Amino acid sequence: MAKERFNHAQIEAAAQKKWEELDLYTTDLEDSSKDPYYLLFEFPYPSGDLHIGHWYAFALTDIYARYLRMQGKNVLFPIGFDAFGLPAENAAIKNKVDPKEWTLANMERMRGQIRTMGTSVDWSKEVVTCDPSYYKWTQWLFAKLFEQGLAEHREAPVKWCPKDQTVLANEQVSDGKCERCGTEVVERTLTQWFLTITKYADRLLRDLEPLPWREDIKEAQRAWIGESEGAKLTFALERETTAESLASATVFTTRPDTIFGATYLVLAPEHPLVEELLASAHNAEEIRAYRDTTARKTERERSENKEKTGVALGGVIAVNPASGERIPVYIADYVLASYGTGAVMAVPAHDERDFAFAKKFNLPIKQVVVPCAVDPKNPPQEGFVEVKRDTVIVHLRDVSTGKFALLDWHGTLEGITTAIMGGVEEGQTPEEAALAEIKEEAGLTGVRIVERLPWITAAKYCASHKQENRCAHTYGFIAEVDDLSSQTAVDASESDKHTLVWVDESEVAKRLTPIHQKQVWQLLHAEEALTDDGYLIASGSFTGRDNREAMWEMVDSIGGERVKNYRIRDWLVSRQRYWGCPIPVVYDPEGNPHAIASEHLPWLLPEDVDFSPTGVSPLATSKELKERVTRIYGEGWTPEYDTLDTFVDSSWYFLRYLDPKDEHDFSDQTLMKKWLPVDRYSGGSEHTTMHLLYARFFQKALYDLALVPTAEPFNERFNRGLILGPDGAKMSKSKGNVINPDEFVAKYGADAVRMYLAFIGPYNEPGSYPWNLDGVDAMRRFLDRVYALKDAQVDSEVSPALSQALARAAKKIGGESERFKFNTAISGLMIALKELEAAETLPREAFQEFLRLLAPFAPHLAEHLYEGEGSVHAASWPVGVVEETDEITVIVQVNGKKRGEITVQKTASEEEVVALAREYEAVIKAVDGASIAKIIYVPGRILNLVTGGP
RNA sequence: GCCGGGGUGGCGUAAUUGGUAGCCGCGCCUGCCUUAGGAGCAGGUUCCCUCGGGAGUGGAGGUUCGAGUCCUCUCCCCGGCACCA
């Protein structure tokens, strides 16, 4: 017999009607009788249809909104539409419809769908970014930024999408492709509007630290801002032949400690000095050709091919300000014009890119930092003096077999395997020392040194018998021997210490035991720069010092400047598209930009426009716009034809929610003081670096203008996971795995669908979940079980046990909801339901209390079954007190393994518990006659008996 | 490559933050009910086992009376950044 299933369509419609009649969700922002709580989710783009992702975004934040209201909070839970943007324009081009009509129709459709979801959003605060009453204030704020010098009009190379026919922000380009349509972007030089977010880079970074955000979100922002600390150093440029001073080049480096190792200088192809020095170069043609080739390449093409290219600035040299060395100057596109100073000092020994370039162009590689390994078995001791010793390590190869000689040590050094090694004695060259050691330790003569290794390395260890720390400054050699048969035997005193062994090349690294031995061998084969820290060599008066410790002194000594540099670029906001907020600027007859005065705002988007994509801004085709400018400003004045990036619209919408209809101000100062910052902002991880950073920048700029009361817009930020298609792949129309929620809502009901989404996993973590119908079905079964209990209600007293069960549930469900862990909150509901079902009789009061716990999760069904006054959503969250019982369960362990559990009075002493435990059969068996050496008792939790001997 | 977050049953997940590993759900198994079941109900379900137990949270060590949780090394997955000097 099928269980009675409720008619969800009927119940939902009735509940929604009731909420509207009671006007349940209009927030009185002035109300000061309750704590304000601003719960925000990212407002949707009106694409036309509500998809399952919208449900995940809106319905789950709605759970929290409802919970907070029941907690007695005054909750602001608003919604609006991010209504400007490309899809409308593309639809317009394709289907010959008006973008405005298209957008308005979509919004109307989505409003209806959102209403049927049963979310408790406050429609009275709705904002629509394409509405003149909204964009009037986007324009007003832009004008404010312009007045502050935070909006700049300048020529710059920009990313251009040939398909969308518009400029893109750096952030909208990924892998060299337009983020929106996937078309390869090209670079163009245009005069564009920029918001100078770089001026706030430092504050955006610093103010991030105290925010209670998840580390990965903060880290993504930090990486985007990309702070690096370093120095600006200046190199004089001279004519190579006459030493005539030509100019000077400033470089940015994060490694000024390696200045003595700078063996050449590199300028970005776009660097202004390149043009300036062209006349002095003897290979001007070559340079021009290189510059042109580079200019024709997209940034992607440049970075895709990691093979270094470049050309020397022939006849020009730079003077290393530290060493005085005259070093060559190159032009290469691995140096970016847009980062740092567009010029670098190249230290091939200690920078991977410089190393690759130096190898290719045969430039000198000069080591100035010696990386230092520490012997982990014998580390330097605090307080001992450090003594530096020059040492050598020899890798000796037998030419006839190709094997290498190693020494297996005996005695106190048993188990250690090294190469032939030893100290460099007074008056010896390292080469001589190497040959001497070969003779001494291996007893070999007729050996030749074939190579001195390029890098010097070091190892630190403690020589405890001498009370000193040693630093072995080590030169490496490769030596070869032809004929082993004619060799003399090793001195007996040496052969006692070690045995000479010959091993294959591939075995060497595995056999070497002390860490620096291994390191030297690896360096021998390492064709790469040394980027590790260590001590300085060949660095004038700084030689011997720790590189990090000496760094800033070195900067001072050559008149360098300590600076911080940021990777973030200014925000390009000009778009050559129609469906956006017109940039509120006009140009005087001289071409200077002027912000449009507030009495002319909103500066309306003209309607007599041909918006087919031609590469010029559609607004340029408007007759009305030109006439408007002439009428207001006079002959010779011209309009700005570009529109704003839609991220500008969405950078302040949460301020407008507080006063959406205000005609005299962008928001309300008093209400902002009361409601900002947003308490919790829930959204998608795709907005971590753009929207979130832009909104923070806007807030700070407005804060500095005293237009908003806080420097940060959002307190908590939660990023939700992703709902995948049933096939586990990201939903996309092309894959045909898009879930349309309407179908499932019709079949299972809105409550079941939202509970399924809530139960799927923790909401505040970046997981991804495939859509699974069985899960929706399970939620419907749960709701059917709830519904089935409605007729079991009797007017009897609630038993203490049931009362306690509900109190525990209220506590758990509340706590989990607080942390957006709706999955475990629902688990709490299921446990509570089981307890209600198991009760002999179901007191009405108990079931009604359960409905209050259910209300945020299944708002329609809870409303339908609720018998109290008004709406269940206006009821308060149950505040059951979880009482402690007199009896407690103690887990008994023997040697950390669980052997049983005993129930004792809460007041029982340790002795009593131990005595009880020792009578327990499994415990007796586990102890097995052994004596108890130790007893660990955590009252009320655990007893651990640790056995000693028999 | 660098940075961040993770690896727990067949699956999604849970674990009071150092104290009973596997809650809740899916799936699966058994039984009941039913003309029927892609319905409902009850029970079971980490693995191995000689039914006494034993093993177990990616792997290897360590700290601790006790480790999914802390430390060291290592492997793998996801996300971000990436010629940023």
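Here are some notes:
- Residues that are within 16 Å of RNA strand B (Cβ to nearest atom) and either in a helix (DSSP H, G or I) or modelled with pLDDT of 95 or more (or both) occur at least once in segment A:7-15.
- Within segment A:312-324, tally of residues that are surrounded by fewer than 21 Cβ atoms within 10 Å (Cβ to Cβ) and either within 16 Å of RNA strand B (Cβ to nearest atom) or within 34 Å of the chain's Cα centre (by Cα) (or both): 1
- Candidates in segment A:776-802 are the residues that are out of contact with any strand residue (DSSP E or B) (no Cβ under 9 Å at 6 or more places or on another chain) and of a type in the set (Gly, Ala, Ser); of these, the one that is modelled with the lowest pLDDT is A:801.
- With a requirement of 3 or more residues that are surrounded by fewer than 18 Cβ atoms within 10 Å (Cβ to Cβ), the helices (runs of 4 or more DSSP H) lying completely within segment A:849-950 that satisfy it span A:910-919, A:921-927.
- Residue that is nearest to RNA strand B (Cβ to nearest atom) [pool: residues in segment A:325-336 that are at pLDDT 95 or above and out of contact with any Pro (no Cβ under 9 Å at 6 or more places or on another chain)]: A:330
- Selection within segment A:195-235 - part of a strand (DSSP E or B) and either within 14 Å of RNA strand B (Cβ to nearest atom) or under 24 Å from residue A:343 (Cα atoms) (or both): A:227, A:228, A:229, A:230, A:231, A:232, A:233, A:234, A:235
- Near pairs, Cβ below 8 angstrom, 6+ apart or cross-chain, from segment A:665-678 (assigned to a helix (DSSP H, G or I) and basic (Lys, Arg)) to any residue that is at pLDDT 95 or above and surrounded by 18 or more Cβ atoms within 10 Å (Cβ to Cβ): A:674/A:29
- You will find that of A:828, A:815, the residue that is loosely packed, with under 15 Cβ neighbours inside 10 Å and either in contact with a strand residue (DSSP E or B) (Cβ under 7 Å, 6 or more places away or on another chain) or not basic (Lys, Arg) (or both) is A:815 and no other.
- In segment A:439-455, the residues that are among the basic types (Lys, Arg) and not in a helix (DSSP H, G or I): A:448, A:452
- Scanning segment A:611-655 for residues that are assigned to a helix (DSSP H, G or I), farther than 19 Å from residue A:129 by Cα and among the β-branched types (Val, Ile, Thr) yields A:621, A:629, A:630, A:632.
- Residue ID - modelled with the lowest pLDDT, chosen from residues in segment A:615-628 that are more than 13 Å from residue A:582 (Cα to Cα) and surrounded by 17 or more Cβ atoms within 10 Å (Cβ to Cβ): A:621
- Residue list for segment A:218-256, restricted to those being touching a Phe, Trp or Tyr at 6+ places or on another chain (Cβ under 9 Å) and crowded, with 18+ Cβ neighbours inside 10 Å: A:221, A:225, A:230, A:231, A:232, A:233, A:249, A:251, A:252, A:256
- Output for segment A:687-746, where each listed residue is part of a loop (DSSP other than H, G, I, E, B), polar (S, T, N, Q) and free of Cβ contacts under 8 Å to residues at least 60 places away in the same chain: A:710, A:732, A:734, A:737
- For segment A:755-812, the tally of residues that are among the β-branched types (Val, Ile, Thr), more than 25 Å from residue A:745 (Cβ to Cβ) and part of a loop (DSSP other than H, G, I, E, B) stands at 1.
- Test: residue in segment A:337-345 that is more than 16 Å from RNA strand B (Cβ to nearest atom), among the small types (Gly, Ala, Ser) and either surrounded by fewer than 16 Cβ atoms within 10 Å (Cβ to Cβ) or modelled with pLDDT of 90 or more (or both): no
- The condition of being more than 30 Å from residue A:719 (Cα to Cα), in contact (Cβ under 8 Å) with a residue 12 or more places away in the chain and surrounded by fewer than 21 Cβ atoms within 10 Å (Cβ to Cβ) holds for residue A:837.
- Residue A:745 crowded, with 23+ Cβ neighbours inside 10 Å and either modelled with pLDDT of 95 or more or within 17 Å of the chain's Cα centre (by Cα) (or both): no
- Test result for residue A:681, farther than 24 Å from residue A:610 by Cα and assigned to a helix (DSSP H, G or I): no
- The residue that is farthest from residue A:430 (Cα to Cα), among those in segment A:456-481 that are at pLDDT 85 or above and over 50 Å from the mean Cα position of the chain (by Cα), is A:481.
Residues checked against (1) part of a loop (DSSP other than H, G, I, E, B); (2) under 27 Å from residue A:506 (Cα atoms); (3) over 44 Å from the mean Cα position of the chain (by Cα):
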| residue | (1), (2), (3) |
| --- | --- |
| A:372 | no, yes, no |
| A:395 | no, yes, yes |
| A:402 | yes, yes, yes |
| A:415 | yes, yes, yes |
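- Matching residues, segment A:752-810, being surrounded by fewer than 16 Cβ atoms within 10 Å (Cβ to Cβ), among the hydroxyl-bearing types (Ser, Thr, Tyr) and more than 11 Å from RNA strand B (Cβ to nearest atom): A:796, A:799
The values are calculated or read from the model by the stated rules, or taken from the named source; none is laboratory data. The model shown is predicted, which means the values in this text are computed figures rather than measured ones. We place every Cβ from the backbone using ideal geometry, glycine too, and count neighbours over all the protein chains shown.
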